[in-house]
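Trainee: The following block contains the structure, expressed as structure tokens.
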Amino acid sequence: MSEGLLSIDDTQAANLVRAIEQPFDAQNPDHVEACNRLWQAAWPEIPFAGLVHGGWTRLGFPSGDLVKELTSIASVHHLLKLATYSPTLFASALESPG
């Protein structure tokens, strides 16, 4: 995972910190795109199904409603920002054994 960490420069790190401070907003196209990236990382062969879909339960969202859950779960929001601002680190996190 250290290789992923090394791929973040100071500007990317600053952008990530600023982005993490923003709450999830389903009307923000960047936030929806981050959800799309998360979906594509999990199921690259299946088109993005939107913010409310039963498939999200397979990623640990109990209701399958990301709008509801991302507004109350800050750590998942942070993962979405990581996928946007440091895809290499995000991919490394997905591949790590646990």
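A short reminder: the numbers here are calculations on the coordinates, not readings from a lab. Fair warning: this is a prediction, and the values are worked out from it, not measured in the lab. As a convention, Cβ positions derive from the backbone with ideal geometry for all residues, glycine included, and neighbour counts pool all protein chains shown.
Trainee: Applying the Karplus parametrisation 6.51 cos²θ - 1.76 cosθ + 1.60 with θ = phi - 60° to the phi angles of region 24-32, what ³J(HN,Hα) value in whole Hz is obtained for each residue in order, glycine and proline being reported as x?
Mentor: Calculated HN-Hα couplings, in order: 5, 9, 5, 8, 8, x, 5, 5, 5 Hz.
Trainee: A further question follows. Let me check I've understood the local charge: for F61, count other residues with C-beta under 15 angstrom from its C-beta, Lys and Arg +1, Asp and Glu -1. What total comes out?
Mentor: Cβ neighbours under 15 Å give a net charge of 0.
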